[in-house]
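Data first, discussion second: the structure below is written as structure tokens.
The values are calculated or read from the model by the stated rules, or taken from the named source; none is laboratory data. The model shown is predicted, which means the values in this text are computed figures rather than measured ones. No Cβ is skipped: glycine too gets one built from the backbone with ideal geometry, and neighbour counts run over all protein chains shown. Calculation scope for accessible area: heavy atoms of the full protein, side chains included, ligands and nucleic acids excluded. Shrake-Rupley method; radii C 1.70, N 1.55, O 1.52, S 1.80 Å.
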Amino acid sequence: MPTTFASGPVRVRVPATSANLGPGFDALGLALALHDDVAAEVVPAGVRVTVAGEGAGELPPDDRHLVVVAMRAAFDQLGGQPPGLALECVNRIPQARGLGSSSAAIVAGVLLARALVTDGGRRLDDDAVLRLAAEIEGHPDNVAPCLLGGFTIAWTEPTGGRAVSLPVAAGVRPTVFVPAGRGLTATARAALPSTVPHPDAASNAGRSALLVHALTTEPALLLPATVDRLHQDYRAAGMPQTAALVGELRAAGVAAVISGAGPTVLAFDAPPEGFSPGTEWEVWRLPVEVRGATVARGRLGHAERDPVAAGRKS
């Protein structure tokens, strides 16, 4: 059946995410209320991408842009490529900081492509969107909360990525500490050993289970629930300032972890009054985003074109 494309633009809002959350390596994730807005439209020919905010002047304005890469992959599954594409991206999620900027771009691309095909929802259902986004990203722990919102548990089956979203307890008030320097997921993964001691794996299994309970029911248990022995210590040498800040916060009684592959630090509550991480860190209070990605018809509005997220700085 031939592919028919929708007329006019569509837009998507995708949230930042934090993956791993300490012991939940490659499995647990949390959506945060900091968003990228992207609008796309089918045009007669060519590909043009404009970027405002994070990554402006750095990200490629053509087929190499990750949103376009994801759109192309989705269009292949939807039955055909459009003659041309025009994209407008307003980015607020910091690039390469451990807050899911790549996953946000991938989710945005897949959802935009589906919305630009007249029967896209029938051809690519929500489960297929998650599978495709996880396949492009390489693992589902960031794309799952970006798509579904809230606190997510993701896993991979022979058919691809799957996930569920759980409500977060009212006492969870995320704070992120964002450094100026960037990190690379590939570099962080390269620091991990190919095997880990059995006691470490067993410890993380128990802490991950406790973390599910702590995040959904009893936030008072978040400090013991976020103890990790699988990845953070191995990555510490490559991001000593991040590791030091995690240690300082935890010593002050705050459940803090490396956000994703770093170098951002995620704390599940505000630090004690008077705590100062140093001038190299920006501190943002970011509530949990419960809705996940949203799609609508039309171009970006005036507020959506503002590359500064209102109120994100503390």
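Sorting GLU88, GLU218, GLU289 by solvent-accessible area of protein heavy atoms yields GLU218, GLU88, GLU289, largest first, with a 1.4 Å probe.
For ALA293, the residues whose amide H sits under 5 Å from its own are LEU147, LEU148, GLY149, ignoring neighbours fewer than 5 places away on the same chain, with H placed 1.01 Å from N. In degrees between 0 and 90, to the nearest 10, how far off the longest principal axis of the chain does helix 66-78 point, with axes built from Cα atoms? Tilt relative to the chain: about 60 degrees.
Taken per residue, the accessible surface of the stretch 96-173 reaches 36 Å², heavy atoms only and a 1.4 Å probe. In the chain, taking the dipole from charged Cβ atoms about the Cα centre, the farthest positive-side position among PRO240, PHE151, CYS89 is held by CYS89. Per-residue 3J(HN,Hα) values for the stretch 293-306, derived from phi via the Karplus relation 6.51 cos²θ - 1.76 cosθ + 1.60 with θ = phi - 60°, read 5, 10, 10, 8, 8, x, 7, 5, x, 4, 5, 5, 7, 6 Hz in sequence order (x marks Gly and Pro).
Suppose only helical runs count, i.e. DSSP H with n ≥ 4. What mean residue ellipticity at 222 nm does that imply for the chain under -39500 (n - 2.57) per run, divided by all residues and rounded to the nearest 500 deg cm²/dmol?
On the way: 10 runs with 95 residues, N = 314.
Helix-only estimate at 222 nm: -8500 deg cm²/dmol.
Annotation: the stretch 242-314 has a Kirkwood hydrodynamic radius of 14.7 angstrom, from the mean reciprocal C-alpha pair distance. Over the stretch 124-277, with a single point scatterer placed on each C-alpha, what log10 of the ratio I(q)/I(0) does the Debye formula yield at q = 0.15, 0.18, 0.20 1/Å? The calculated log intensity ratios at q = 0.15, 0.18, 0.20 Å⁻¹ are -0.91, -1.30, -1.50. Taken along its three principal axes, the alpha carbon spread of the stretch 173-227 comes to 34, 34, 13 Å, from the longest extent down to the shortest. Remark on the chain: ratio of C-alpha radius of gyration to 2.2 N^0.38 Å is 0.99. Distance between the C-alpha centres of the stretch 1-37 and the stretch 249-314: 16 Å, rounded to the whole angstrom.
The phi-based Karplus calculation (6.51 cos²θ - 1.76 cosθ + 1.60; θ = phi - 60°) puts the 3J(HN,Hα) values of the stretch 236-247 at 4, 4, x, 9, x, 5, 5, 4, 5, 5, 4, x Hz, whole numbers, x for Gly and Pro. Residue ranking by accessible heavy-atom surface, 1.4 Å probe, largest first, among ASP127, ASP63 comes out as ASP127, ASP63. Once the Cα atoms are used to define both axes, helix 101-115 deviates from the longest principal axis of the chain by about 30 degrees.
The translational diffusion coefficient of the stretch 73-161, from Stokes-Einstein at 4 °C and 1.567 mPa s with a Kirkwood hydrodynamic radius over alpha carbon pairs, comes to 94 µm²/s.
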